[in-house]
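Handing you this structure, nothing more for now.
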Amino acid sequence: MYSPSPAERFFEDFHQRRPGTTSAAFAHLRSDRHESSYAALAATLLPSSSPLTVLDLACGNGYLLKLLDELCPGRLHLIGVDMSQTELDVARSKLPNDVRLLKERAQALSITTASVDVVVSHLALMLMDDIERVLGEIHRVLRKEGTVVAIVGRGFLLGPVGETYSQVFREVAAQDALAHLPMGDPRMRTETGWLELFNKDFEAVTFEDIDVSWQPDFAELWQSLSETYDIDRLTPAARVQLKERLSTSISTLEQPDGTYVTGWGLRMIQARAR
């Protein structure tokens, strides 16, 4: 019988309390080439004019599914999978009835073998337990030469703001006695590790680094950071302390208009099923 890991229990609780946090944080942030990291994923499907069955793995509140439906009306058969019922309920409220939504784990999909043309995933794959089993399930449901396209994390906050935040967070977390919570396989932090993981069942693996720009004022910065997994796990007192120390520590980085120059380091991975 399946028993969720501590990380999975945390993710399920977090997304029950905070549905839609990922799209709220990233849907409006541009890169040099794309309107958003979601748009970067969607762009990989646009060159084809053929009907496609597309699975969004860890679809959250359905933001990417809705974008795909709007960009390719009538051409895509869309399926969304997520382990959070709260996120799926939000997705159901905004998506057409013909979009199929499933409450499942990526490690054990009910989807028919060789029935999917493209698997997409936005900022979720690198957090999943037993990634080899996940990739095995992705390969199983894909048709031969089907593709998987995923946006994964490459870094946290960019530039001096990110460096300062990381230092302050480590100090506050240590004082708060924040327990270590493993999230994802360490191999998913490097291109070499991803190549090792994809090597069994996939070929033509490519990587594209995507930096999305962001110039928030401190209120916007803190609002977004406060909805990240690590800060959510701090005690209320530690969150207050982190906010105060971060504000002081990055004050010299504030621009004349009251904003800070930063962003997020992302990576897009594409691969073809053997």
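Could you please find all residues in the stretch 14-23 being out of contact with any Phe, Trp or Tyr (no Cβ under 9 Å at 6 or more places or on another chain) and surrounded by fewer than 20 Cβ atoms within 10 Å (Cβ to Cβ)?
16, 17, 18
Something else: Answer with yes or no whether residue 86 is over 21 Å from residue 212 (Cα atoms), in a helix (DSSP H, G or I), at pLDDT 95 or above and among the hydroxyl-bearing types (Ser, Thr, Tyr).
Working: over 21 Å from residue 212 (Cα atoms): yes; in a helix (DSSP H, G or I): yes; at pLDDT 95 or above: yes; among the hydroxyl-bearing types (Ser, Thr, Tyr): yes.
Yes.
Next up: May I ask you to list the residues in the stretch 106-122 that are touching a residue at least 60 places away in the same chain (Cβ under 8 Å), in a loop (DSSP other than H, G, I, E, B) and surrounded by 15 or more Cβ atoms within 10 Å (Cβ to Cβ)?
First pass over the stretch 106-122, keeping only residues touching a residue at least 60 places away in the same chain (Cβ under 8 Å): 108, 115-122.
Imposing the further condition that a residue be in a loop (DSSP other than H, G, I, E, B) reduces the set to 108, 115.
Hit for the stretch 106-122 is 115, nothing else.
Of the conditions (1) under 30 Å from residue 42 (Cα atoms); (2) hydroxyl-bearing (Ser, Thr, Tyr); (3) buried (at least 18 other Cβ atoms within 10 Å of the Cβ), residue 190 fails just one. Which one is it?
(3)
Further question on the same structure: State all residues of the stretch 77-105 that are surrounded by fewer than 22 Cβ atoms within 10 Å (Cβ to Cβ), of a type in the set (A, V, I, L, M) and touching a Ser or Thr at 6+ places or on another chain (Cβ under 8 Å); if no residue qualifies, say none.
102
May I pose another question? Determine which single condition residue 217 fails, assuming it passes every other condition in (1) charged (D, E, K, R); (2) free of Cβ contacts under 8 Å to residues at least 12 places away in the same chain; (3) under 25 Å from residue 24 (Cα atoms).
Every listed condition holds for residue 217 apart from (2).
So that you can scan it fast, the table gives a plain yes or no per residue for (1) farther than 29 Å from residue 139 by Cα; (2) exposed (fewer than 13 other Cβ atoms within 10 Å of the Cβ); (3) within 20 Å of the chain's Cα centre (by Cα):
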| residue | (1), (2), (3) |
| --- | --- |
| 207 | no, no, yes |
| 217 | yes, no, no |
| 226 | yes, no, yes |
| 246 | yes, no, no |
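What do you reckon, is residue 195 free of Cβ contacts under 8 Å to residues at least 40 places away in the same chain and surrounded by 15 or more Cβ atoms within 10 Å (Cβ to Cβ)?
Taking the combined requirement at face value, the residue satisfies it.
Got a sec? Which of 239, 233 is in contact (Cβ under 8 Å) with a residue 24 or more places away in the chain and touching a helix residue (DSSP H, G or I) at 6+ places or on another chain (Cβ under 9 Å)? Walk me through it before giving the result.
On the way: 239 fails: in contact (Cβ under 8 Å) with a residue 24 or more places away in the chain.
One residue alone meets the criteria, 233.
Please specify each residue of the stretch 254-271 satisfying the condition of being assigned to a loop (DSSP other than H, G, I, E, B) and either surrounded by 20 or more Cβ atoms within 10 Å (Cβ to Cβ) or not acidic (Asp, Glu) (or both). Walk me through how you get there before you give the answer.
Start the filter on the stretch 254-271 by keeping residues that are assigned to a loop (DSSP other than H, G, I, E, B), which leaves 254-258, 260-261.
If the condition is that a residue be assigned to a loop (DSSP other than H, G, I, E, B) and either surrounded by 20 or more Cβ atoms within 10 Å (Cβ to Cβ) or not acidic (Asp, Glu) (or both), then 255, 256, 258, 260, 261 are the ones that fit.
Results for (1) modelled with pLDDT under 95; (2) within 18 Å of the chain's Cα centre (by Cα), shown as yes or no for each residue.
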position: 81; (1), (2): no, yes
position: 91; (1), (2): no, yes
position: 100; (1), (2): no, no
position: 137; (1), (2): no, no
position: 140; (1), (2): no, no
position: 151; (1), (2): no, yes
position: 154; (1), (2): yes, yes
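Out of 243, 144, 200, I need the residue that is in a loop (DSSP other than H, G, I, E, B) and of a type in the set (Lys, Arg). Which one? Give the steps one after another, and end with the answer.
Numbers: 243 fails: in a loop (DSSP other than H, G, I, E, B); 144 fails: in a loop (DSSP other than H, G, I, E, B).
When all the criteria are applied, what remains is 200.
Moving on to the next point. Quick check on my filter: what residues within the stretch 55-72 are surrounded by 20 or more Cβ atoms within 10 Å (Cβ to Cβ), not in a helix (DSSP H, G or I) and not acidic (Asp, Glu)?
Once the filter is applied, which keeps residues that are surrounded by 20 or more Cβ atoms within 10 Å (Cβ to Cβ), not in a helix (DSSP H, G or I) and not acidic (Asp, Glu), the stretch 55-72 yields 55, 57, 58, 59, 60, 61, 62.
Could you count how many residues in the stretch 158-205 are over 30 Å from residue 136 (Cα atoms) and among the aromatic types (Phe, Trp, Tyr)? Before you say what the answer is, go through the steps one by one.
Applying the first criterion (over 30 Å from residue 136 (Cα atoms)) to the stretch 158-205 yields 158-179.
From what is left, the residues that are among the aromatic types (Phe, Trp, Tyr) are 165, 169.
So the answer is 2.
Here is a follow-up. Of everything in the stretch 162-180, what is surrounded by 13 or more Cβ atoms within 10 Å (Cβ to Cβ), hydrophobic (A, V, I, L, M, F, W, C) and either in contact with a helix residue (DSSP H, G or I) (Cβ under 7 Å, 6 or more places away or on another chain) or in a loop (DSSP other than H, G, I, E, B) (or both)? Give them in sequence order.
168, 169, 172, 178
Another question about this same structure. Could you check the stretch 29-42 and list, in sequence order, the residues that are in contact with a strand residue (DSSP E or B) (Cβ under 9 Å, 6 or more places away or on another chain), of a type outside the set (A, V, I, L, M) and assigned to a loop (DSSP other than H, G, I, E, B)?
Scanning the stretch 29-42 gives 30, 31, 32, 33, 34, 36.
The values are calculated or read from the model by the stated rules, or taken from the named source; none is laboratory data. All values derive from a computational prediction rather than experimental measurement. Cβ: placed from backbone, ideal geometry, glycine included. Neighbour counts: every protein chain shown.
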